[in-house]
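Notes follow the structure.
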Amino acid sequence: MNKPSIERLVSLPAGAVRAFSEIEPFRARNVFAASDPPGGQLGSGGGTAHLLASAWRKAAEQEGASRSFSSWISSSQKLLVHGSGESRRLPAYAALGKPLTPIPSLRGIPGQRPDQVLLDLQLQTYEPLFWYAPIASRVMVTCGDVILRVNRWIPEYPDADVLIFGLASSHEEARHHGVILCPADEPGKMACFVQKPTQERLEELEKKHKVFTHLTPAYGLNMGCIALKGMFSITQYGDVLPCPYIHTSIGNVFKEPLKDIIKRGMKIKYFGEYVDTCLIAEDRAFIKKYVEGRIYNKLLPVPCSEVFTGEDITVKPFNEAL
């Protein structure tokens, strides 16, 4: 099977775009980069249109001839990766943009590089999805701050003008994100798309619909925030972070067993108890007290003993609250 020609387009912060060919000479040969116009982000729809228009103008400039947009868009498949926002959760990499965030080697994934970034792993997943798309499919719009792996045979795509890939999700997870609702008896057909619905509204909709989103899954468990309970991060120096965006270390795997570190972290109520919101993205009280008050302006990661105190002890473990 011949692989279709795919043009890769990525949106990055303005500074990263200006220096893209200098800091990423290898990737710059195969990826077109542009940023949202100055003065604010355009959102997903506006960002998609702007990225396509920028790539079209650049192609016309390189060819030295006028070319219609319809001719350009039909000449090859266009894979868009959105990542122009500057990360507030990973400030060290904000200037580069989320797609250029360095990623350590992951077990079980072939074709990795020592200097790989998030974009490399994303393209490994996104491009095969595009290869099997109907020949008429021209544009694939993707998210630049997640890693998705397809560990099963790709099903036959339906003949549709717009096709959406989503992850099955519970209403507890989905209520903070854009939600795809499909009829329970026809999960392959979208009924509607709802942006950040209330939990009550989702609970009602879930009676007749399947719920899908791009959110990190909680593996079928109703555990609320999955920091430490469902995921954690280990830095190259061995520090264990309860969440990649909460820069506090609950221990170091080079100094003690991981099980002891997890046990210590679960004694902190924000990670050991059921929390129904994303601490680092939506809990303003948590951000102000712990992140701004005890983590900012310090050498990272900050030991958890300097961030949490005796008043933060877990009282009711999350599994007892289910």
MRE, 222 nm, helices only [DSSP H, n ≥ 4, -39500 (n - 2.57), over the chain, to nearest 500]: -7000 deg cm²/dmol
Cross-link pairs LYS196/LYS316; LYS98/LYS288; LYS229/LYS269; LYS267/LYS316; LYS196/LYS229 - those with Cα-Cα distance over 18 Å: LYS196/LYS316; LYS98/LYS288; LYS196/LYS229
Leading residue at positive end of dipole, the chain (Cβ point charges), from GLN77, ILE234, THR142: ILE234
C-alpha center-to-center spacing [the range 5-26, the range 262-318] in angstrom: 36
Per residue, in Å², the accessible surface of the chain once ligands and nucleic acids are set aside, probe 1.4 Å: 59
Within the chain, percent of DSSP bridges classed antiparallel, to nearest 5: 45
Segments 111-118, 180-187 sorted - mean Cβ within 10 Å per residue, highest first: 180-187, 111-118
The chain - percent of accessible surface contributed by carbon and sulfur, probe 1.4 Å: 54
Distance (nanometres) between label positions extended 7 Å along Cα→Cβ at VAL150 and ARG57: 3.3
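The values are calculated or read from the model by the stated rules, or taken from the named source; none is laboratory data. Since we're looking at a predicted model, the values are computed, not measured. Glycine also receives a Cβ, built like all others from the backbone with ideal geometry; neighbour counts cover every protein chain displayed. Heavy atoms of the whole protein, side chains included, go into the accessibility calculation; ligands, DNA and RNA do not. Shrake-Rupley method; radii C 1.70, N 1.55, O 1.52, S 1.80 Å.
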